[in-house]
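Colleague: Next up is a structure, given as structure tokens.
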Amino acid sequence: MAAPEKHQTFSQETSSRSSSEKPPLPDQKSPLPDVEKTSETPPNLDDLYGPAPDGGARAWIVALGAACIFFACLGIVNSFGVFLQYYHTHQLSSYTPDQIAWIGSLTACIQFLFGAISGPLFDRFGPWVIRIGAVLYVLAVMLTSLCQEYYQFMLAQGVLTGLASAMIQVPAFAVVSQYFDKKRAAALGLVVSGSSIGGIVFPIALGKMLNDSSLGFGWSVRIMGFIVAPMMLFCCFSLKARLPPRQTQFFLLKAFTEPRFLGLVVAGFFVLLGMFTPLFYLPSYATSKGMDKVLASYLLAIVNGASTFGRILPGILADKYGKLNIYGLGSLATGIVVLCLTKATNTAGLVVYAVFIGLTSGTLVSANSAAFSTCTNNPQNLGTYIGMGLAVGSIAILVGPPVNGILLEKYGGYLELSLFSGIMCLAGGFVIMATKMTTPEGLFGRV
């Protein structure tokens with residue numbers, strides 16, 4: 001009788017073990033991307049360090065510090081149209097618009113390219129990465145004020161400004177993401193709205209100082225540096241990680257085998273290829289239509305002011321209706337507005353156009369990083385994911401404005417420029433929608 005009991009016990013254990021090892025039913029879809037399944041399961045960070053507070057004084061101070069970074073960095077980058085217009089008639093008058101555009105595109109390219117490294121560096125060394133980058137950024141602005149030659153502008157305003165921005169921007173995104181979960185898109189929208197405020201302050205101040213004062217270029221830029229310095233000081237003390245430093249990979253190559261991440265990378269490339277056109281060429285286009293230079297520089301302030309609402313409101317909607325949904329719709333809307341550039345032919349039309357392009361393109365700034373955050377459920381990998389995505393997009397940022405400059409130089413008008421950039425944004429929107437079809441939620445789901 002002992003043998004049957006043993007056999008029965010073995011059968012029960014086998015049956016129990018088999019049932020516990022059954023694969024999930026076909027309709028039980030995991031919310032995690034495939035790349036997370038192929039890697040080692042991360043520890044439950046909520047159990048180790050508690051859930052993200054999703055609010056409270058400490059979390060919002062972190063968000064405010066990150067907003068100061070974007071006020072200083074993207075605020076100045078978004079003002080490059082004013083610089084381009086001034087350089088073309090002063091220090092760099094012997095250079096073509098596409099050659100001058102390389103300065104601004106190099107800044108943005110390095111800013112995004114080295115973001116792929118700064119994210120993991122922040123994971124390893126914490127806020128020291130931000131502090132070093134903040135000092136370098138103030139130094140870059142001050143050195144730009146001393147530039148006279150093309151290569152000097154390329155080194156100071158192009159390389160050093162871009163490198164310093166990269167060291168602080170992606171880590172700012174990563175640290176804010178550690179403090180917010182359900183309200184992450186709204187928090188990131190608030191953070192990048194700092195660039196809109198900076199984009200209002202800097203173009204107006206810079207345009208006024210350069211074109212309608214006796215300060216000259218050097219002191220005009222140095223005053224910008226004095227505005228930036230206290231912002232950088234505040235972010236050095238306010239941005240502290242909630243999670244401890246850890247050894248992390250600079251690149252997660254398996255991420256490029258995951259359809260969602262790969263689709264967002266391709267979409268981001270197209271979007272970034274076209275969305276910077278108004279920031280670089282709107283003032284020049286306005287002056288070609290007879291607008292005063294100072295007033296034309298104010299158009300960038302209007303663009304960035306409108307994009308404040310275009311960044312915060314879609315961020316809130318993204319938490320409710322899906323990050324990819326808002327990102328895709330924003331890309332399509334931006335493409336349509338960019339295509340309409342040459343339809344604005346007078347002051348009133350240009351002001352209205354600046355408002356619309358600000359509203360639509362502002363959506364893309366906050367939605368881009370929020371979309372990459374859907375590729376992982378491990379908050380400690382967010383900096384790496386965002387950095388990798390933006391690093392690929394940096395190539396588009398590098399070549400987009402100069403290509404537009406070449407089109408402007410060759411055809412002598414802005415129609416071809418708007419067609420190229422608008423079609424690129426539309427292509428990005430369609431790729432985002434196609435990417436949604438690879439997710440369990442499908443094309444019409446909330447993702």
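The values are calculated or read from the model by the stated rules, or taken from the named source; none is laboratory data. A quick note: this is a predicted structure, and the numbers were derived from the prediction, not measured. Cβ sites come from the backbone with ideal geometry, for glycine too, and all protein chains shown count toward neighbours.
This table checks each residue for (1) touching a residue at least 40 places away in the same chain (Cβ under 8 Å); (2) surrounded by fewer than 24 Cβ atoms within 10 Å (Cβ to Cβ); (3) among the charged types (D, E, K, R).
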{"site": "166", "(1), (2), (3)": "yes, no, no"}
{"site": "173", "(1), (2), (3)": "yes, no, no"}
{"site": "184", "(1), (2), (3)": "yes, no, yes"}
{"site": "191", "(1), (2), (3)": "yes, no, no"}
{"site": "205", "(1), (2), (3)": "no, yes, no"}
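Colleague: Is it the case, given these coordinates, that residue 332 is in contact with a helix residue (DSSP H, G or I) (Cβ under 9 Å, 6 or more places away or on another chain), assigned to a helix (DSSP H, G or I) and crowded, with 20+ Cβ neighbours inside 10 Å?
Modeller: Criteria not met by residue 332.
Colleague: For region 108-118, state whether one or more residues are among the hydrophobic types (A, V, I, L, M, F, W, C), more than 23 Å from residue 253 (Cα to Cα) and within 16 Å of the chain's Cα centre (by Cα).
Modeller: Yes, some residue in region 108-118 is among the hydrophobic types (A, V, I, L, M, F, W, C), more than 23 Å from residue 253 (Cα to Cα) and within 16 Å of the chain's Cα centre (by Cα).
Results for (1) hydrophobic (A, V, I, L, M, F, W, C); (2) farther than 29 Å from residue 319 by Cα, shown as yes or no for each residue.
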| position | (1), (2) |
| --- | --- |
| 162 | no, yes |
| 168 | yes, no |
| 171 | no, no |
| 179 | no, no |
| 198 | no, no |
| 207 | no, yes |
| 222 | no, yes |
| 228 | yes, yes |
| 244 | no, no |
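Colleague: Which residues, taken from region 142-168, are over 21 Å from the mean Cα position of the chain (by Cα) and assigned to a helix (DSSP H, G or I)?
Modeller: The answer is 142, 143, 144, 150, 151, 152, 153, 154, 155, 156.
Colleague: Considering only region 263-318, state which residues are polar (S, T, N, Q), over 21 Å from residue 86 (Cβ atoms) and surrounded by fewer than 24 Cβ atoms within 10 Å (Cβ to Cβ).
Modeller: If we filter region 263-318 for residues that are polar (S, T, N, Q), which is where we start, we get 277, 284, 287-288, 297, 304, 307-308.
Filter once more, so that each one left must be over 21 Å from residue 86 (Cβ atoms): 307-308.
Scanning region 263-318 gives a single hit, 308.
Colleague: In addition: Any idea which of (1) at pLDDT below 85; (2) crowded, with 22+ Cβ neighbours inside 10 Å is the one residue 144 doesn't satisfy?
Modeller: (1)
Colleague: When region 207-222 is examined, which residues are found to be in contact with a Leu (Cβ under 9 Å, 6 or more places away or on another chain), surrounded by fewer than 24 Cβ atoms within 10 Å (Cβ to Cβ) and more than 15 Å from residue 147 (Cα to Cα)?
Modeller: Of everything in region 207-222, just one residue is in contact with a Leu (Cβ under 9 Å, 6 or more places away or on another chain), surrounded by fewer than 24 Cβ atoms within 10 Å (Cβ to Cβ) and more than 15 Å from residue 147 (Cα to Cα), namely 209.
Colleague: Can you confirm whether region 427-443 contains a residue that is modelled with pLDDT under 75, crowded, with 24+ Cβ neighbours inside 10 Å, assigned to a helix (DSSP H, G or I) and β-branched (Val, Ile, Thr)?
Modeller: For region 427-443, residues modelled with pLDDT under 75, crowded, with 24+ Cβ neighbours inside 10 Å, assigned to a helix (DSSP H, G or I) and β-branched (Val, Ile, Thr): absent.
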